[in-house]
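Asker: Let me begin by handing over the structure; questions about it come next.
Just so it is clear, none of the values below were taken in a lab; they were calculated from the coordinates. Everything numeric here is computed off the predicted structure, so don't read it as measured data. Methodologically, a virtual Cβ is constructed for each residue, glycine included, from the backbone with ideal geometry; neighbour enumeration extends over all protein chains shown.
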Amino acid sequence: MAKSKVGGTRAYIRGRIGSDVYSIGKDGMGKKQQVVRSLAEQVANPQTTAQMRGRMIMSTVMQAVAAMNAIVDHSFDNFAAGQPNISEFIRVNYALIKADVAAHNVSGNIFGINKYQEKGVKLGAYQISNGQAVGIANATIDGTANTLTLAVGGTMTVGELKNALGLTINDYFTICSIAENGLFVYRRFHFNTSYTDATVISSENVEDLFTSEGNVAYTPTVSGTNVVLTFNALSDCAGIIVSRLENGKYVHNKVVLAAPTDPQWAAADALPTYPTGSQRFLNGGDSAIYTPNSAEESPVNPEPSVQTPAMSAFTLAGQNALQSMSLTNGQAECAVAGTLANAVAGKAYAIVHKTGSSFTVGQSASNGAIAISDGTVSGTVNLTQGSLEYFALTEDGVVIQRLGAIQWPSGGDGGDGGEGLDKD
C-alpha cells in the first residue's frame, strides 16, 4: 500500500485505475493523505486455522470497539479523535488478545473470545486509554457490590475529597466497566462548581456533589468518611479514566480494565465455531489436528476499520450537523436530511430529537422519531422557540450515535461536553 501527502495527479482522488484503488485516508495524527491499494488479480481464501484464529481475534476486538466507541474514539493521547484513536485501540488490543490466546488457549485466559458471528463485548483486560496523566487515588471498585468507594478521610469536606482523589475543579473522572450482562457501562463525574472546598459533605447534599453523564445510573451515599457510588450495573472488570486540563487541553491516564476470572470463551472453545476451508495440507492448508498454543501468524489483512452503523451525512436546515455542534436558524420548522452507512439487516433506524437535554448513547429514545428508509432520511421537525433541540441516531429505539443540535431563533453554544471523557 502506498501513501502520499500530496495526492495523485493534481489533487486527492478516489476510484479504481486498473488494479490500483485510490482512496483518501488519515495518518496517525489525523492529517489527510492519499492511499493507494493494489488489488490481487487472483485471491485465494482457503480459510485455514491460522486465518480463522486471526479473524476470531479481530472479531473479538471489533465487538469491543462497537461497545466502547463513545470512549475509545478519543481516549488515546497523541492520536487524533475519531478513526486514528480507534485504530490505535484495535492495534493495542489485537496484540494483547493474540498473546493471551497463545499463552492461555484452554484456560486461564484474561480475555473472553467471541464465537463465530457472536455479538456483544466479552469480559477482558482491554486497554481503553493511554496518556501521561496521573490517575485517581483512594478510589476502590467493588464489582460484586456494584460500588465505587471514594475514601475522603479527615474532615468530610469537598476540599478534602479533592485532595484525597488528587483532582482539581477542572478535572473529570470516568468509571468504565464491562458488566456481567455483557454491556459496556460508563459514567463521567465532575465536581459541582457551586460547592466550595469548605462545604461539608453530608447525606443531604451528596446527591449534588457531582455533575455526571453516562449510560449507567448510580446512587450516591455517605458511609463514615467515605462517599459511596452504587451503580445499576458494574463488574470488577473495570477502570477509571482521569481527564486533566493541561495547557488548554485534556490529557488522560493509561487504563487497562482489571483482568476478569474465567471469562467466556477460551480460544479452544471459540475457534472450532469458525469455518475452515478444504485446502489440502501439502498444498498450504492446515493439518486436521490442531495443536493448542501453537505459534501462528495473525491475518495478513485484518479488517481495516470499524463497520458500525452511523450517519455518514447529516444536515439541519441545509447545514452540516454531523458532529455535536450548534446551528442557528430563523425558521420554526427545520429540514432534516441524512445518509445512513453500515445498516444491519432487520434493524429499524430513525433520527430522534428532543428539547433541553442531550442524548446519551445506549438510552431508549423513541420520541420525535423520523424513520430512515433505504439508507436515507428526510423530513422536518418543529422547533421550540428559544430552546436547544438535540438530535441522535437510534437502532431499534436505542441511541447509537449522537448528532448535532440546533437553536431557534438565535445563539446557543449547544455543547455539553459530549458523551466521552471531558468537555473542551
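Asker: From the phi of every residue in segment 174-181, what ³J(HN,Hα) in whole Hz does the Karplus formula 6.51 cos²θ - 1.76 cosθ + 1.60 yield, where θ is phi - 60° and glycine or proline is x?
Answerer: 10, 7, 10, 7, 8, 6, 4, 7
Asker: Could you give each residue of segment 15-20 its phi-based ³J(HN,Hα) in whole Hz, using Karplus coefficients 6.51, -1.76, 1.60 with θ = phi - 60°, and x for Gly or Pro?
Answerer: Once rounded to whole Hz, the list reads x, 10, 10, x, 9, 9.
Asker: Hey, what's the per residue convex hull volume over the C-alpha atoms of segment 310-408, in cubic angstrom?
Answerer: 79
Asker: Now a separate question. Peptides 183-189, 81-87: what's the order by average Cβ count within 10 Å, highest mean first?
Answerer: In descending order of packing, they fall as 183-189, 81-87.
Asker: Enumerate the amide H contacts of Asn226 below 5 Å, restricted to partners 5 or more residues apart or on another chain; note that Pro and chain-start residues carry no placed amide H.
Answerer: It is Val152, by chain and number.
Asker: Separate question: Calculate one ³J(HN,Hα) per residue across segment 204-217 by plugging θ = phi - 60° into the Karplus curve 6.51 cos²θ - 1.76 cosθ + 1.60, and present them in order as whole Hz with x for glycine and proline.
Answerer: Here the 3J(HN,Hα) series is 7, 10, 5, 5, 9, 5, 10, 9, 8, 9, x, 9, 9, 7 Hz.
Asker: State whether segment 127-256 is rounded, prolate or oblate according to the following rule on the C-alpha gyration tensor (a ≥ b ≥ c being the square roots of its eigenvalues): a/c under 1.5 gives rounded; otherwise a/b larger than b/c gives prolate, and the remaining case gives oblate.
Answerer: Oblate, since a/c reaches 1.5 and b/c is not below a/b.
Asker: Ok, one more. Using the 10 angstrom Cβ neighbour count as an exposure proxy, how do Ser59, Ser23, Ser212 rank, fewest first?
Answerer: Placing the least packed residue first, the sequence is Ser23, Ser212, Ser59.
Asker: Once amide H atoms are placed 1.01 Å from N in the peptide plane, what residues at a sequence separation of 5 or more from Ser387, or on another chain, have their amide H within under 5 Å of its amide H?
Answerer: For Ser387, the qualifying residues are Trp408.
Asker: How about segment 192-233: which chymotrypsin sites (Phe, Trp or Tyr not before Pro) there lie in a loop by DSSP and see at most 13 other Cβ atoms within 10 Å?
Answerer: Passing sites in segment 192-233 do not exist.
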